[in-house]
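First up is the structure itself, then whatever we jot down about it.
The values are calculated or read from the model by the stated rules, or taken from the named source; none is laboratory data. Nothing here was measured: the structure is a model prediction, and the numbers come from that model. Please note: Cβ atoms are built from the backbone with ideal geometry, for glycine as well, and neighbour counts cover all protein chains shown. Accessible surface is based on the protein model in full, side chains and every heavy atom, while ligands, DNA and RNA are left aside. Shrake-Rupley method; radii C 1.70, N 1.55, O 1.52, S 1.80 Å.
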Amino acid sequence: MTTSNATAIPTPNDAPVSDTGAAGIDPSLPLRDDLIGGEPYGAPQLDVPVCLNVNENPYPLADAVVQAITRRIAQVAPTLNRYPDRDHETLRQAFCDYLERESHTSLSVGQLWAANGSNEIMLQLFQAFGGPGRTALGADPTYSMYPEYARDTFTTWTTTPRNDDFTLDVDHLVRAMHEVRPAIVMLTSPNNPTGTVLPMDALERVLAEAERVEVAGSSRPTHPIVVVDEAYVEFRDPGTPSAVSLIDRFPHLAVSRTMSKAFAFAGARVGYIAANPSVIDCLRIVRMPYHLSALTQAAALAALEHTDEQLEQVGHLRRTRQETAAWLREQTYHGKPLQVAESQSNFLLFGGSFADRTQIFDELLKRGVLIRVVGPEGWLRVCMGTEEEMATFRRSLAEVLPMVR
């Protein structure tokens, strides 16, 4: 089990991406001591022909969606002198309608909440349930922003290891829950950076155990909140259930989602969460006033009105993932086939034995292909692009593998 109160050490692809990074900070500024030496989080934003590093949907919005967004924004533009609906109830109802259709789960407006991307949702969760003297528990490898949320809220971040195939080691996690008594149990399905899905029986066991754990650092008897981050859930294989189906059975379950990935809406910054109304009320306590702009709400409503157009590329990207995984397993490195983690997301973690993964990353970048150095040593991650982008990736990787150490 790994525990940290310090700034997360960036991987090569999480290095500073700005000319005004931490290295240029005036040392006389009263920066918090625990932030000294830290670097801004972020993947490189480089002008290259093929960007396959941040798990975006590579396909632009359909014309009908663009027109709907334009109409919606035109309607609210004359009222921008007024604050937006701070509880965004119309948008929350739209998410209820979407989840009933997408995950066959009927929820009320009081069980939904939205924010500027799932990043803000996560930060609100840590603000509400974390803090000094409290711990958040995850399973490594996982999303590299979680330690940042913990740091920013003075929450201790600790992890347990996953199994060798990156599935959740439930026994290990349950033991850790009783040992560290976390306020937050942070799980991800599909997991980032591995793409691994969390089975419902495993999640149900974790939820049941959470009801038996008393949170350390709480002034009264309380039990952990279990957060399932489903940022990539629309890319799961057909028939795979969503954690939202368990919300009414487990009052301490919260399921975070985003429109950035499957909805091709990364630039709009819209995330949302489904949970018990009491959980939503906790988030409402820490949210900033009017945190979701009228323009953001209008754009999201327009997109949700055109769900079919928004999600029409999901099936294609799922097939691209399957085809790319099969191709990668046929490639060799030092005479051995590449390993590819089983994924139900729009990306693949591959390699497993790269002696110098940064060399492969650099050689691909020279050829105009940007992927991600992330996850355990020896692995790289590539997200699914257009057919032309994936053809360039395959051609470039096939050229690079025989020449690297």
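What are the trypsin sites (Lys or Arg not before Pro) within segment 189-250 that DSSP puts in a loop, where the Cβ has at most 14 other Cβ atoms within 10 Å? Show your work: numbers first, answer last.
Working: sites: R205, R212, R236, R249; in loops: R212, R236, R249.
Answer in residue order: R212, R249.
Using a 1.4 angstrom probe with every protein chain in place, what is the largest-first accessible-area order of S245, S118?
From most exposed to least exposed: S245, S118.
Once volume of the Cα convex hull per residue in Å³ is calculated for the structure shown, the corresponding label among [x] 170; [y] 152; [z] 217 turns out to be [y].
Globularity index of segment 183-273 is 1.17 (Cα radius of gyration / 2.2 N^0.38 Å, N = number of residues). Local charge sum around T320 (other residues, Cβ-Cβ under 13 Å, Lys/Arg +1, Asp/Glu -1)? Around T320, the charge tally is 0. Separation of segment 95-173 and segment 183-213, taken as the distance between their Cα centroids, equals 10 angstrom. With all protein chains kept in place, the per residue accessible area of the chain amounts to 44 square angstrom at a probe of 1.4 angstrom. Taking 25 °C and 0.890 mPa s as the conditions, I'd like the Stokes-Einstein D for segment 230-356 in µm²/s, using the Kirkwood hydrodynamic radius from alpha carbon pairs. Rounded to a whole number, D works out at 141 µm²/s. Taking a ≥ b ≥ c as the square roots of the eigenvalues of the Cα gyration tensor, segment 320-373 is oblate, since a/c reaches 1.5 or more and a/b is not larger than b/c.
Its relative contact order, with pairs defined as Cα atoms under 8 Å and 6+ residues apart, puts segment 304-371 at 19 percent. Measuring only protein heavy atoms, the 1.4 Å probe finds R287 accessible over about 50 Å². Among I36, I371, I73, the sequence by solvent-accessible area, most first, with a 1.4 Å probe is I36, I73, I371.
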